[in-house]
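Visitor: Quick one: structure below, then a few questions.
The values are calculated or read from the model by the stated rules, or taken from the named source; none is laboratory data. Here the structure is a predicted model, which is why all the values come from computation and not from measurement. Neighbour counts run over all protein chains shown; Cβ positions are idealised from the backbone, glycine included.
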Amino acid sequence: MNNFHAQNNQAFGYQLLLDLYGCREGVCDDLTLCYQFLDDAVATLGMEKQSPPNIFRSDEVRFPDKAGLSGWVPLIESSIVIHTLTPKNFISIDVYCCRNFDVQKAKQKCHQYFAPERMDEQFIVRGIDYYRSDTNYHTLVVDRADTRAPEITINPKKDQFTLH
């Protein structure tokens with residue numbers, strides 16, 4: 001899959017970011033279809049929902065360039081999020097899971113529901129130090145702390161101050 005996973009076998013999470021351009025006409029505004037996508041993606045990827053998906057329509061009068069839908073489904077393993085932008089038939093989808101998942105199945109599900117002309121992807125390994133047994137990797141060593149209050153000099157003409 002990627003070098004990190006092959007070498008270390010463990011990370012806190014895996015995140016797939018998909019940008020879908022030129023989606024089939026009408027899908028960006030289809031509340032039912034996008035809800036079904038979120039629900040179906042969970043089952044396809046073998047994940048477990050904490051609750052049913054939530055999906056909302058953006059106010060196209062107040063935000064005409066942001067007209068579309070936003071939704072997510074919370075997972076035991078993290079979440080799947082969708083944002084659609086109707087004016088450009090564009091959809092962004094984030095799949096974040098604390099266990100590895102089948103990226104190809106996620107992409108196939110997007111093609112099935114939205115038929116994009118083009119799909120860009122990024123895959124990110126998150127929390128690569130989360131399971132490290134060496135806990136010194138985040139320790140900051142301070143020789144001696146100065147607990148005295150600093151003296152402050154204010155120069156009102158230049159609107160500046162200096163700490164001593």
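Visitor: Would you please name the residue that is farthest from PHE63 (Cα to Cα), looking only at residues in the range 81-127 that are of a type in the set (S, T, N, Q) and touching a strand residue (DSSP E or B) at 6+ places or on another chain (Cβ under 9 Å)?
Guide: Checking each candidate, the answer is ASN100.
Visitor: Identify, please: which residue in the range 2-57 is more than 20 Å from the chain's Cα centre (by Cα) and under 22 Å from ASN100 (Cα atoms) and is, among those, modelled with the highest pLDDT?
Guide: Among residues in the range 2-57 that are more than 20 Å from the chain's Cα centre (by Cα) and under 22 Å from ASN100 (Cα atoms), the one modelled with the highest pLDDT is ASN9.
Visitor: Could you tell me how many of the residues in the range 104-136 are within 16 Å of the chain's Cα centre (by Cα), outside any helix (DSSP H, G or I) and not charged (D, E, K, R)?
Guide: Matching residues across the range 104-136 total 5.
Visitor: Within the range 109-127, which residues are of a type in the set (S, T, N, Q) and in contact (Cβ under 8 Å) with a residue 24 or more places away in the chain?
Guide: GLN122
Visitor: Every residue in the range 46-66 that is part of a loop (DSSP other than H, G, I, E, B), within 20 Å of CYS23 (Cβ to Cβ) and in contact with a strand residue (DSSP E or B) (Cβ under 7 Å, 6 or more places away or on another chain), please.
Guide: Passing the criteria: PRO53, SER58.
Visitor: Evaluate the range 118-125: report whether one residue or more is of a type in the set (Lys, Arg), at pLDDT 85 or above and surrounded by 13 or more Cβ atoms within 10 Å (Cβ to Cβ).
Guide: no
Visitor: Among the residues of the range 42-75, which ones are β-branched (Val, Ile, Thr) and surrounded by 12 or more Cβ atoms within 10 Å (Cβ to Cβ)?
Guide: If the condition is that a residue be β-branched (Val, Ile, Thr) and surrounded by 12 or more Cβ atoms within 10 Å (Cβ to Cβ), then VAL42, THR44, ILE55, VAL73 are the ones that fit.
Visitor: So, one more: With respect to the numbered conditions (1) touching a residue at least 12 places away in the same chain (Cβ under 8 Å); (2) farther than 17 Å from ASN54 by Cβ; (3) surrounded by fewer than 18 Cβ atoms within 10 Å (Cβ to Cβ); (4) not acidic (Asp, Glu), which one is the sole condition not fulfilled by ASN89?
Guide: Result: ASN89 fails condition (3) only.
Visitor: Also: Which members of the range 58-90 meet the condition of being over 22 Å from MET119 (Cβ atoms), hydrophobic (A, V, I, L, M, F, W, C) and more than 17 Å from the chain's Cα centre (by Cα)?
Guide: Once the filter is applied, which keeps residues that are over 22 Å from MET119 (Cβ atoms), hydrophobic (A, V, I, L, M, F, W, C) and more than 17 Å from the chain's Cα centre (by Cα), the range 58-90 yields VAL61, PHE63.
Visitor: Still on this structure: Are any residues in the range 74-103 in a strand (DSSP E or B), hydrophobic (A, V, I, L, M, F, W, C) and in contact with a Phe, Trp or Tyr (Cβ under 9 Å, 6 or more places away or on another chain), and if so, which ones?
Guide: If the condition is that a residue be in a strand (DSSP E or B), hydrophobic (A, V, I, L, M, F, W, C) and in contact with a Phe, Trp or Tyr (Cβ under 9 Å, 6 or more places away or on another chain), then LEU75, ILE80, VAL81, ILE82, PHE90, ILE91, ILE93, VAL95, CYS97 are the ones that fit.
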